[in-house]
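See structure below.
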Amino acid sequence: MSQTRRDWLLSDAPQTRRQARLGAIYQGWLTFRANKLAMFGLIILVILIFTAIFAPWIAPQNPFSQNLGGRLAPPSAEHLLGTDALGRDILSRLIHGARITLFIVGTVALIAPIIGLFIGTVAGFAGGWLDQVLMRITDIFLAFPKLILALAFVAALGASIGNAVLALALTAWPPYARLARAETLTIRNADYIAAARLQGAGPMRLLIRHIWPLCISSLIVRVALDMAGIILSAAGLGFLGLGAQPPMPEWGAMISDGRTYILDFWWVAAMPGLAIFIVSLSFNLLGDGLRDVLDPKGGKE
């Protein structure tokens with residue numbers, strides 16, 4: 001980037017709203033880039049997304065192709081991560097399984113925060129009996145362990161990857177509702193909210209135009225930090241046979257398939273477990289970096 005462009009972005013006295021917005025984004029990027037661990041997490045996630053998009057071309061073999069003559073083969077030049085009990089290439093199944101992982105994480109990350117943002121801001125802004133009712137419902141969901149509640153939903157809806165995603169989304173929203181409510185309580189009596197009210201803004205406009213934008217940064221940080229837990233919960237459902245169904249190459253289900261052979265053929269369960277560990281770690285590192293950028297006060301505590 002040229003020095004003139006950089007000076008324009010870092011100006012202490014921006015001339016337009018666009019310059020101020022772009023300058024804030026650029027300063028946030030500089031703060032994020034200074035965090036080496038966060039950059040490492042971002043690189044891993046970019047690689048994961050690239051792998052998921054181009055999985056059919058990257059995977060060395062068909063992930064569903066069985067070869068019983070080569071079952072439980074150790075890592076070699078032909079099968080870099082070995083084969084499973086049906087002779088399927090583990091590396092190819094991990095690569096295609098990245099699509100399932102991103103689908104689960106992305107869908108839950110879209111649904112749960114939106115539900116939590118709406119419930120939390122409505123409760124905090126309205127107050128009174130509506131606040132009490134919504135927060136007591138939230139407390140009921142928080143009273144149960146997330147995975148146990150997800151298991152109950154999947155058992156009721158039926159085992160499938162779609163129902164697993166729905167169950168995880170329905171159990172993941174309460175913390176976001178609590179966070180959004182806390183943010184709303186701190187800003188609902190602010191002067192600019194009173195000014196917008198005097199200008200004729202209704203409750204929904206106040207929520208959408210003035211309160212939601214201030215809650216989004218905290219929610220983004222929380223979502224990034226929760227992604228590792230969502231991956232582990234999804235893997236847990238897959239391990240129990242309640243997520244993606246065979247022969248789908250879901251990482252949790254792959255660990256379940258390999259647990260019988262873990263002492264003699266460790267790579268069958270260890271490789272998908274290592275993939276879950278790396279991706280979960282990258283989300284945690286990314287979340288820490290986003291917290292430094294979007295929530296500096298929380299990052300220092």
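Bear in mind these aren't lab numbers, they're just calculated from the coordinates by the rules spelled out. Just so it is clear, the structure is predicted and the values come from calculations on it, not from any experiment. All Cβ positions, even for glycine, are placed from backbone atoms using ideal geometry, and neighbour counts span all protein chains on display.
Take the Cα of residue 5, go 7 Å toward its beta carbon, and the backbone nitrogen atoms of the stretch 28-49 under 16 Å from that spot belong to 29-30.
For the chain, the membrane-span-like helix rule (DSSP H, alpha carbon extent of at least 24 Å along the helix axis, mean Kyte-Doolittle at least 1.0) picks out 36-53, 90-126, 212-239, 267-294; this says nothing about an actual membrane. For the stretch 90-190, the C-alpha radius of gyration divided by 2.2 N^0.38 Å, with N the number of residues, is 1.29.
Of the two radii for the stretch 133-175, the radius of gyration is 1.00 times the Kirkwood radius, both from the alpha carbons; that is the Rg over Rh value. Rg ratio for the stretch 43-82: its Cα radius of gyration over 2.2 N^0.38 Å, N being its residue count, equals 1.42.
Classify the chain as rounded, prolate or oblate from the Cα gyration tensor: take a ≥ b ≥ c as the square roots of its eigenvalues, call it rounded if a/c is under 1.5, otherwise prolate when a/b beats b/c and oblate if not. Verdict is oblate for the chain.
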